[in-house]
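Each remark here refers to the structure printed beneath this line.
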Amino acid sequence: RGVAINHKRVSRVMTANGLGVKPRRRFVRTTDSEHDLPVFPNLYRNVIPARPNVVWVADITYIRLAAGFCYLAAILDACSRMVVGYAISRDIDTPLALAALKAAIRNRAPPRGCIHHSDRGCQYASASYRKELLNNGLVGSMSAVANPYDNAQAESFMKTLKVEEVYLAGYETFEDVT
């Protein structure tokens with residue numbers, strides 16, 4: 001109607017009349033650690049190794065699209081913090097995590113005994129993922145339940161990626177992400 005009003009007044013009037021906006025849920029759960037699959041002990045305590053291919057850290061995050069989500073699985077070298085393998089998919093499942101692992105193995109050919117650290121997600125605890133680790137001489141390691149600090153490097157990378165790229169880009173479709 002052409003009348004200038006401060007946003008605080010609008011908020012106050014809406015509250016007085018029982019009106020409000022439902023806040024959008026900002027958190028999307030990407031880790032299903034409530035499974036009966038075997039888990040690895042935590043062999044990595046966030047001590048940065050002195051050389052590459054000693055410890056790899058892995059995580060999965062979501063990317064919000066105009067209609068739905070897609071998911072990114074990434075594996076980083078804990079020494080250099082370089083992404084050694086990644087995969088993007090519409091589904092958060094074991095094939096996504098396996099694709100990232102296979103890309104990392106192809107790119108780096110890790111030595112036997114390299115530690116692969118992740119959260120306790122069912123993707124990383126699945127039989128096919130454990131078999132791939134074993135076949136390539138990687139030693140599995142998993143964080144404690146509901147403790148993102150045990151996988152701080154991977155979590156920090158995902159946050160930086162989202163803040164510096166994903167949120168700014170505002171991807172609309174899966175094809176925009178890939």
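The values are calculated or read from the model by the stated rules, or taken from the named source; none is laboratory data. All of these numbers come straight from a predicted model, not from anything done at the bench. Positions of Cβ are backbone-derived with ideal geometry, glycine not excepted, and every protein chain shown enters the neighbour counts. The accessibility values were calculated without ligands, DNA or RNA, using every heavy atom of the protein model including side chains. Shrake-Rupley method; radii C 1.70, N 1.55, O 1.52, S 1.80 Å.
Here are a few things to note about the model shown:
- Considering the conditions (1) modelled with pLDDT under 95; (2) over 18 Å from V83 (Cα atoms), K162 is excluded by exactly one of them, (2).
- When the range 154-174 is limited to residues that are within 11 Å of the chain's Cα centre (by Cα) and of a type outside the set (G, A, S), the one that is surrounded by the fewest Cβ atoms within 10 Å (Cβ to Cβ) turns out to be K159.
- Matching residues, the range 133-149, being open to solvent by 40 Å² or more (accessible area, probe 1.4 Å) and at pLDDT below 95: A144, V145, A146, N147, P148, Y149
- Whichever residue in the range 19-70 is under 24 Å from V83 (Cα atoms) and acidic (D, E) and, among such residues, is modelled with the highest pLDDT: D59
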